[in-house]
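Working notes, structure below.
The values are calculated or read from the model by the stated rules, or taken from the named source; none is laboratory data. Note that the structure is a prediction, hence the values are computed from the model and not measured. Methodologically, a virtual Cβ is constructed for each residue, glycine included, from the backbone with ideal geometry; neighbour enumeration extends over all protein chains shown. Protein only, heavy atoms only, side chains kept; ligands, DNA and RNA dropped before computing areas. Shrake-Rupley method; radii C 1.70, N 1.55, O 1.52, S 1.80 Å.
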Amino acid sequence: NIKAINAAQRLDSRGNPTVQVRVTTDDGVFQAIVPSGASKGDYEAVEVRDGDNASFGGKGVEKAVHNVEHVLGPAIINEKFDVAHDLAKIDSLMRHLDGTEDKSKLGANAILGISMACARAGAAAQGVPLYEFLRRESGTSSEYVMPVPFFNVLNGGVHSGNTMAFQEFMIAPVGAKSMAQAVRMGSEVYQELKKVIKQKFGSAAIGIGDEGGFAPPISEPHEALDLLEDAIGRCGYLGQFKYAIDPASSEFFNGKYYDLGFKSTKPHLYQPAELSNLYKALLDKYEIALLEDPFAQDDWQSWSSFCTHCPVELVGDDLLATNVNRLKIAHEKKACNSMLLKINQIGTITEALEAAKMSYHFGWSVFVSHRSGETTDDFIADLTVAIRAGHLKSGSPCRGERVAKYNRLMDIEDEIQANGTCTYAGEGFREAHRK
Ligand code: PGA
Ligand code: ZN
């Protein structure tokens with residue numbers, strides 16, 4: 001009952017081209033737009049870009065658009081799938097048509113756009129919201145849990161122009177009682193942080209990075225955490241927030257050293273063991289609940305030795321690339337205890353759900369994530385609720401493409417509340433899926 005599959009080139013939040021897909025069924029037209037990362041991992045599915053420097057600096061996606069309209073779309077329509085129940089079959093056909101491990105032939109951007117739009121069409125065909133459709137696809141029927149939003153309020157790394165090597169400093173309102181309260185607390189601290197930064201560094205310092213967080217002229221991680229502590233304290237929320245850091249360290253590892261000076265004029269080299277010690281000192285001093293990609297994607301040894309006695313959530317992003325093959329290696333090596341889930345790292349919704357399932361099976365948690373190049377598509381809000389991931393990151397509580405997800409989560413909370421009760425993951429965010 002799919003009548004048409006169309007695609008078009010549109011822009012993402014960094015102003016780069018991205019793929020929009022429209023799937024038409026008897027129930028209407030269902031749209032999706034795919035995101036794109038900047039600190040991409042080596043093991044991610046590949047987005048096809050035109051490479052024609054005369055257009056968008058080579059970043060155009062007309063080829064991917066063509067692949068949707070002339071290769072993938074017609075093949076899917078030809079199969080006469082039942083969109084209400086055949087998402088896995090549609091995804092599998094697309095993988096088969098592409099034929100590569102990393103979806104580099106037809107493009108993960110083309111494939112994911114169709115997968116997302118078909119999920120929306122499937123939800124409409126079943127007459128349920130997207131989060132309910134995805135919950136059924138993931139094979140659970142347990143109660144919904146609203147996730148703790150991890151707001152990335154200080155941006156560094158390749159997402160900003162300051163000299164801070166670490167990419168993300170997040171605040172997580174674990175002490176809130178609901179999604180709405182969590183968003184309110186995050187927003188209040190964000191606004192207070194702006195004042196703190198302005199007082200300390202002047203008004204030229206309140207510009208923001210790719211994910212809507214501030215990017216003041218600091219380079220030491222403890223300076224960032226002190227700013228956060230200050231803002232949280234001024235709001236009267238001490239003890240109600242936890243911190244999280246994503247250094248995105250694959251960006252500054254040269255195979256031997258981590259260069260925390262990679263954005264300044266002078267290198268600042270750390271051996272892996274020295275970097276581990278830096279993390280341990282930060283964990284001792286601040287209420288940090290989560291570390292993501294503290295080590296590079298191939299530095300297995302550092303991951304494994306750090307994970308052995310790690311008291312906090314250790315999330316693999318570039319390390320795992322939402323790919324079950326990478327998950328299996330990491331599990332064997334006891335390298336991490338949580339998976340970052342980015343739908344465009346793997347390229348189909350079915351495979352993303354499989355990766356989440358495997359993580360849970362390993363006893364890990366799942367942290368759902370946007371990309372630094374986003375759109376106002378709010379798909380991941382529904383996905384997070386569906387798989388009861390207990391936490392997600394969608395940037396700061398600022399910028400349309402970031403707040404689209406938080407606003408959608410508040411809508412979902414209202415909707416579920418109206419039909420019964422809805423719990424908020426809070427302190428137990430790592431275990432939300434087990435309840
Ligand atoms: P990216 O960053 O979307 O630029 O890859 C997000 C992350 O590293 O978590
Ligand atoms: Zn990351």
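Count of the range 165-218 residues, restricted to those that are in a loop (DSSP other than H, G, I, E, B), within 24 Å of the chain's Cα centre (by Cα), more than 16 Å from ligand 2 (Cβ to nearest atom) and of a type outside the set (A, V, I, L, M, F, W, C), is 6. Checked across the range 257-269, the condition of being away from ligand 1 (no atom under 16 Å from the Cβ) and open to solvent by less than 10 Å² (accessible area, probe 1.4 Å) holds for at least one residue.
When L327 is tested against (1) part of a loop (DSSP other than H, G, I, E, B); (2) modelled with pLDDT of 95 or more, only condition (1) is not met. Applying the condition of being over 24 Å from the mean Cα position of the chain (by Cα) and surrounded by fewer than 17 Cβ atoms within 10 Å (Cβ to Cβ) to the range 1-23 and asking which residue is nearest to L106 (Cα to Cα) yields N6. Entry remark, the range 299-318: residues being open to solvent by 30 Å² or more (accessible area, probe 1.4 Å) and in contact with a Ser or Thr (Cβ under 8 Å, 6 or more places away or on another chain) number 1 in total.
Per-residue answers, yes or no, for (1) in contact with a Gly (Cβ under 9 Å, 6 or more places away or on another chain); (2) among the polar types (S, T, N, Q):
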residue: F253; (1), (2): no, no
residue: G261; (1), (2): no, no
residue: D284; (1), (2): no, no
residue: L290; (1), (2): no, no
residue: W300; (1), (2): no, no
residue: S304; (1), (2): no, yes
residue: L319; (1), (2): yes, no
residue: E332; (1), (2): no, no
residue: A335; (1), (2): yes, no
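Within the range 162-189, the set of residues being farther than 22 Å from V315 by Cα and open to solvent by 10 Å² or more (accessible area, probe 1.4 Å) comprises N162, T163, K177, S178, A180, Q181, V183, R184, S187, E188.
Hey, can you tell me all the residues within the range 301-324 that are of a type outside the set (A, V, I, L, M, F, W, C) and in a helix (DSSP H, G or I)? Write out each step before concluding.
Going through the range 301-324, the residues of a type outside the set (A, V, I, L, M, F, W, C) turn out to be 301-302, 304-305, 308-309, 311, 313, 316-318, 322-323.
Hits for the range 301-324 are Q301, S302, S304, S305, T308.
For L282, the conditions (1) part of a loop (DSSP other than H, G, I, E, B); (2) under 24 Å from F151 (Cα atoms) all hold with the exception of (1). If the condition is being under 24 Å from E79 (Cβ atoms) and open to solvent by 20 Å² or more (accessible area, probe 1.4 Å), then the range 24-38 contributes T24, D26, D27, G28, V29, F30, Q31.
Considering the conditions (1) within 16 Å of ligand 2 (Cβ to nearest atom); (2) assigned to a helix (DSSP H, G or I); (3) over 27 Å from V174 (Cα atoms), D298 is excluded by exactly one of them, (2). Scan the range 224-254 for residues that are without any contact (Cβ under 8 Å) to a residue 60 or more places away in the chain and open to solvent by 60 Å² or more (accessible area, probe 1.4 Å) and the total you get is 6.
Scan the range 7-43 for residues that are within 12 Å of ligand 1 (Cβ to nearest atom) and part of a strand (DSSP E or B) and the total you get is 1. Cβ-Cβ contacts under 7 Å between residues 6 or more apart (or on different chains), taken from a first residue in the range 160-174 that is within 17 Å of R14 (Cβ to Cβ) to a second residue that is in a strand (DSSP E or B) and within 15 Å of ligand 2 (Cβ to nearest atom), are listed as Q167/D246; E168/N152; E168/N155; E168/I245; E168/D246.
Within the bounds of the range 48-69, is there any residue that is modelled with pLDDT of 95 or more, within 16 Å of ligand 1 (Cβ to nearest atom) and in contact with a Gly (Cβ under 8 Å, 6 or more places away or on another chain)? Within the range 48-69 (the criterion being modelled with pLDDT of 95 or more, within 16 Å of ligand 1 (Cβ to nearest atom) and in contact with a Gly (Cβ under 8 Å, 6 or more places away or on another chain)), the answer is yes, since at least one residue qualifies. Scanning the range 302-334 for residues that are of a type in the set (V, I, T), more than 14 Å from ligand 1 (Cβ to nearest atom) and touching a strand residue (DSSP E or B) at 6+ places or on another chain (Cβ under 9 Å) returns a single hit, V312. Check whether at least one residue in the range 202-216 is farther than 27 Å from K266 by Cα, out of contact with any Ser or Thr (no Cβ under 8 Å at 6 or more places or on another chain) and open to solvent by less than 10 Å² (accessible area, probe 1.4 Å), and report yes or no. Checking the range 202-216: not a single residue is farther than 27 Å from K266 by Cα, out of contact with any Ser or Thr (no Cβ under 8 Å at 6 or more places or on another chain) and open to solvent by less than 10 Å² (accessible area, probe 1.4 Å). Filter the range 303-325 down to the residues that are away from ligand 2 (no atom under 14 Å from the Cβ), touching a residue at least 12 places away in the same chain (Cβ under 8 Å) and of a type outside the set (F, W, Y) and list them by number. Listed by number, the residues that qualify are S304, S305, C307, T308, C310, P311, V312, N323, V324.
Here's a check for you: in the range 396-411, which residue that is open to solvent by 10 Å² or more (accessible area, probe 1.4 Å) and of a type outside the set (A, V, I, L, M) is nearest to G113 (Cα to Cα)?
Per the stated criteria, the residue is E401.
Among the residues of the range 319-337, not a single one is of a type in the set (G, A, S) and surrounded by fewer than 22 Cβ atoms within 10 Å (Cβ to Cβ). With respect to I349, determine if the residue is aliphatic (A, V, I, L, M) and in contact with an Asp or Glu (Cβ under 8 Å, 6 or more places away or on another chain). For I349, the condition - aliphatic (A, V, I, L, M) and in contact with an Asp or Glu (Cβ under 8 Å, 6 or more places away or on another chain) - is met. Of all the listed residues (Y270, Y286), the sole one being free of Cβ contacts under 8 Å to residues at least 40 places away in the same chain and in contact with a helix residue (DSSP H, G or I) (Cβ under 9 Å, 6 or more places away or on another chain) is Y270.
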